[in-house]
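Working notes, structure below.
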Amino acid sequence: NAGVTQTPKFRVLKTGQSMTLLCAQDMNHEYMYWYRQDPGMGLRLIHYSVGEGTTAKGEVPDGYNVSRLKKQNFLLGLESAAPSQTSVYFCASSTRVLAGVSTDTQYFGPGTRLTVL
Amino acid sequence: SQQGEEDPQALSIQEGENATMNCSYKTSINNLQWYRQNSGRGLVHLILIRSNEREKHSGRLRVTLDTSKKSSSLLITASRAADTASYFCATAGTSGTYKYIFGTGTRLKVLA
């Protein structure tokens, strides 16, 4: 199992450009999340999904859109990048029951470091 | 706003010593989890404690939860240089446990 993978690992954008971050998981998890991590701020939830075709806003959703067309993929889009979106972005996935045991463990990807100039 | 606040923000100890870090949160929770993040990496789950539990152990880790004080502590015993990392608490609210809020983290440095 690859677990949770993120593409790309690094990206530099100019203000106003758009891009899509891809998250993929091969654990058949129902739930997927996008977070951003800024120095001294911990992780903040951007958007999340509780199943294929469903998405919901998290703590800091403005400026981002998401889609979950397939269960294994969760895409994060920036339509018009701003310097305030310079951050490290983490994707995570989780399931409620694993091998018959209730679990809420989140599995994280390695992150995407995004710089917006 | 952040749900969890870790204390201290940074901690430096000698190898073999115990490390204690604390997490406070604001609203009722279903469970609280602790994660470790090595520099430049994603977070790794360490341990989960549910709201009806008071203490939990996993190897050298001991977690306590005091729901009346809305606080939790993580104790790492006999620390090793490899424990050097940032540690985060994450809380899942009672309305939907699939939505987590992370604290600001404690940066632990274990000196060999």
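The values are calculated or read from the model by the stated rules, or taken from the named source; none is laboratory data. It should be emphasised that the depicted structure is a prediction, and the values quoted were computed from it without experimental measurement. Quick reminder, even Gly has a Cβ in these numbers, built from the backbone with ideal geometry, and neighbours come from all protein chains shown. Remember, those area values only see protein heavy atoms, side chains included, never the ligands or the DNA or RNA. Shrake-Rupley method; radii C 1.70, N 1.55, O 1.52, S 1.80 Å.
Assorted remarks:
- Among A:VAL60, A:VAL4, the order of accessible area from largest down is A:VAL60, A:VAL4, computed with a 1.4 Å probe on protein heavy atoms.
- Karplus-derived 3J(HN,Hα) values for the stretch B:46-54, using 6.51 cos²θ - 1.76 cosθ + 1.60 with θ = phi - 60°, are 9, 7, 10, 10, 8, 5, 9, 10, 10 Hz; glycine and proline are entered as x.
- For B:LYS70, a cut-off of 19 angstrom between C-alpha atoms picks up these lysines, skipping any fewer than 8 places away in its own chain: B:LYS26, B:LYS56, B:LYS99.
- Comparing the full protein assembly with the isolated chain, the residues of the stretch B:71-112 losing at least 50 square angstrom of accessible surface (1.4 Å probe) are B:TYR98, B:LYS99, B:TYR100, B:PHE102.
- Annotation for B:ARG80 and B:THR67: the two label points, set 7 Å from Cα along the Cα-Cβ direction, are 3.5 nm apart.
- Look at the dipole of the stretch A:4-111 built from charges on Cβ: of A:THR103, A:TYR31, A:PHE74, the Cα furthest out on the positive end belongs to A:PHE74.
- For the stretch B:7-23, Karplus couplings with θ = phi - 60° (6.51, -1.76, 1.60), whole Hz, Gly/Pro x: 9, x, 6, 9, 8, 10, 9, 8, 4, x, 7, 8, 10, 10, 10, 10, 9
- Here the protein assembly as shown is treated with +1 on each Lys and Arg Cβ and -1 on each Asp and Glu Cβ, and its dipole about the Cα centre works out to around 220 debye.
- Interface residues in the stretch A:58-73 - accessible area drops by 30 Å² or more relative to the isolated chain, probe 1.4 Å: A:GLU59
- Around the amide H of B:LEU46, modelled in the peptide plane, lie the amide H atoms of B:TRP34, B:TYR35, B:ARG36, all under 5 Å away and 5 or more residues distant in sequence or on another chain.
- Here B:SER58 sits with roughly 50 square angstrom of accessible surface, probe radius 1.4 Å.
- All aspartates and glutamates inside 17 Å of A:LYS57 as judged from Cα atoms, apart from same-chain residues fewer than 8 positions distant: A:GLU30, A:GLU79
- Most mobile of A:PRO39, A:PRO83, A:PRO61 in a GNM of chain A (Cα contacts under 10 Å): A:PRO39
- For the pair B and A, the buried accessible area comes to roughly 1800 Å² in total, with a 1.4 Å probe and the value rounded to the nearest 100.
- Convex hull volume per residue for the stretch A:4-111, taking Cα atoms only, in Å³: 97
- The calculated Kirkwood hydrodynamic radius for chain B is 13.9 Å, given to one decimal from all distinct C-alpha pairs.
- Within the assembled protein chains, the solvent-accessible surface assigned to B:SER12 is about 80 Å², based on a 1.4 Å probe.
- Of all accessible heavy-atom area on the stretch B:25-112, the percent that carbon and sulfur account for (1.4 Å): 46
- Size descriptors for the protein assembly as shown, from the alpha-carbon set: Rg then Dmax equal 17.5, 51 Å.
- Rough spin-label spacing in nm, given labels placed 7 Å along Cα→Cβ, for B:LEU111 and B:LYS26: 3.7
- Label point of A:LEU117 set 7 angstrom out along Cα-Cβ; within the stretch A:1-16, amide nitrogens under 20 Å from it belong to A:8-16.
- For B:CYS23, the accessible surface of its heavy atoms amounts to roughly 0 Å² (probe 1.4 Å, protein chains only, rounded to the nearest 10).
- Using a probe of 1.4 angstrom and keeping all protein chains present, the accessible surface of the protein assembly as shown works out to 47 square angstrom per residue.
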